[in-house]
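Just so you know, all these numbers are worked out from the coordinates, no wet-lab data involved. These numbers were taken from a predicted model, which means no experiment stands behind them. Don't worry about glycine lacking a Cβ; one is built from the backbone with ideal geometry, like all the others, and counts go over all protein chains shown.
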Amino acid sequence: MFKVASLHSTLLASTTVLALAALVCAPAPAGTLLPAAATQPAGNTVPGDLTAENIILVYMGGIRETECLDAPDFGECPHLGNDLMPLGVWYPNFYNMGRTGEQAGRCTVSCGTRIGMRGGPNSPDYPTLIEQWRALTGAPKDEAWVIGSDQQYSADDSHHPLYAGRDLGPHLETGYTDEEATTRMLQVIQEYQPRIAILTLEGPDEAAQYSAHPWEDYLHNIGVADRLAWEVEKTVREMPDYGQKTAIFYIDYHGRHDDDHGGFEWHGDFCKGCRDITFVATGPDFPAGAIRTQQAEQIDLHATLAAMLNVPVPRSNGRILEEMFLPGLAPRPATGTARRPEQQAPAKPGVQASAPLYTSAGNSRFPDVHRVGPDYFAAWSEARSGFDGNAWDILLSHSTDAGASWSAPQTVLAANDTLRPWQCTLAGDVDEGLRIGISAAVWEKQVNNFTWTWHIFSFKMPPGSDQIEPLPVASTAYGYVEDRPAVLARDGITLEVHGDSFFRRHSVAWLPDRNHALTWFQAYNWNSFGYPMGLAITADAEGPIALETLRMAETGRLHATRLDGEVWGDLGTIFWNDNQAAIQATVGATGNHVLAAWVDDTQGENQWELRAAYSDNAPKVWSAPITVAPGTGPAWRPDLWVQNAIAAVTWEDYSDGSPQVLLSVSIDGGITWDAPRSVAATNPRLPRVTATPSQAVVVWEEMSGPATDIFVSQIPLQ
């Protein structure tokens, strides 16, 4: 039983609940459902008649717009405002909507997801644009350069198993002053004429944070960065041929606190000063002197750069900034996978039959699947058209025939002008009914300002009902929600676990039925950059157990903790190995038997093998790690289902160089696992599994044509 005596039970105003109820009833977008066959237009995979063949990014490091383009006469940036803006396009409403830190902002542009890297001198966990472009085209390293005045730029080399260790990143040179970095970059451009060049100017950021005279030196270094940006523009445009085929983006990775949130000397929260960043683009395909007032953000720049380079980026969550281009020149998203054709692995024999659960007109992403008695439910995020920037609806579909066919989806939570749902998770059983946990950002507009905070929204479908009901809205505003929440429903109570890591590293358990949060661990250290990477929850006979990875630099330490009343217990260690990372935990339990799975690079070389461990005394005592599928891998993103002694785990596997989805089964509580079977082999990602002892149902997202759709497969287990 959950022990939750004395928890707060005050609900939000009834108007909030009514508003959520209205969202539940919003119409779902049209789609093609099972058993109809999927068809997708091929789409234009060539960037039209674009003149620009080369891309240069100039990061003007850590400048508030109040000292730049929002200031009278453009403040300390006269060249940016008076010389560069008349040559190209300015977005006055361009934002960092992820972590407003240096490396995090760089990785958001590089990887196209707001959670590309969680801070610190670590490589991102998602593929980078340079890696994908070089893998697709076979471009040599001399065609991609990153030069900067910071010592720790690793935003363009990822840990992702498809690219790690393949030397597909750029030439990297760091440690310069801003003047030296610009001089060196211009030398590189003139000598190599690279297709991609990234220059980072750190002077403003460093002066604001570490100078003995921060305000004066901050302003001075903004002026230096402004002058150097203008030097880049003039030098490149004077180069015959190259200068006329190059798009240059003058951008930033974060701003600084506004005066109401601590002032210019630091950054890292969700205030307007930190969110609002510079974006000016010049080049042959952009109109001169144009101002685009549409809201845009860093992931949109990633999608736009990928389209300009004709690189497919199925993990990217951004939109192409079509309005930035001259009429008729906006590029379309590229299709396929970011690899050369000769590197494509053929589909393995015995791949399970699959079909589209939902065919999108745009993008359907982040699926989850769950069984409640004889009924199966699938939910996912569906891209919403008609909004500036990134907007998703959460959709839910229902199957009464064990996953063979699915109902038309209904909208659980819809995006609007102030609400942006993100990802969802399903939970529940025959006693509790269905539970739906959703992470969402709330956009609160104010006079000349705004706040962008994260909340957890919770819904239930009572047993025997087909009506979705909202649970109380979280009264706590979180700095940032890591991925999708982990959800558990038991004894009449819903429990959700998520990370809140905006310069404070919290793992939070939320009780939406009681409007109460329980934080079990918090440790943020500027030197070790600790953050959660993978949160999962289950319950054994004694109550809830949560798993998390606390990643410190390149070490991932997998821990478990138990909820006892209103207090979480001590962390028990499942896997802890210096200089090696254990990440992406998933967990399930029956009785007192708890089974966990994760991926780790036990060899310390980004091999990412799938491991499991079991416990009959969680969270303290666990078995030694078990290799689930020897000879496969690298493995990525596992998901686990457990009932009695039977368990099924599915994951992305890159043993053939391109992604496929595998599934392995244990009939002895996770001690041994059978040979994996192939579930999907056509660019599948993010698999999730639910099952009975005789059959598993796996869902995943798959890029087909210009869209990303949700697919499903039924797999006999015995």
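Here are the numbers for the structure shown:
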quantity	calculated
Efficiency of FRET between Asp70 and Ala288 - r from beta-carbon atoms, R0 30 angstrom, step 0.05	0.90
Straight-distance crosslink candidates among aspartates and glutamates, where the alpha carbon sits under 19 Å from Lys141 and sequence neighbours closer than 8 are dropped	Glu53, Glu131, Asp156, Asp157, Asp167, Glu173, Glu191
Spacing of the two label points (7 Å from each Cα toward its C-beta) at Thr137 and Ala541, in nm	6.2
Per-residue Cβ neighbour rank within 10 angstrom, fewest leading, Met239, Met461	Met239, Met461
Sequence of Ile56, Ile63 once ranked by neighbouring C-beta atoms within 10 Å, starting from the fewest	Ile56, Ile63
Spin-label model distance (nm) - Asp241 vs Ala675, 7 Å beyond Cα toward Cβ	5.5
Among 69-79, 127-137, the order from most to least packed when residues are scored by Cβ within 10 Å on average	127-137, 69-79
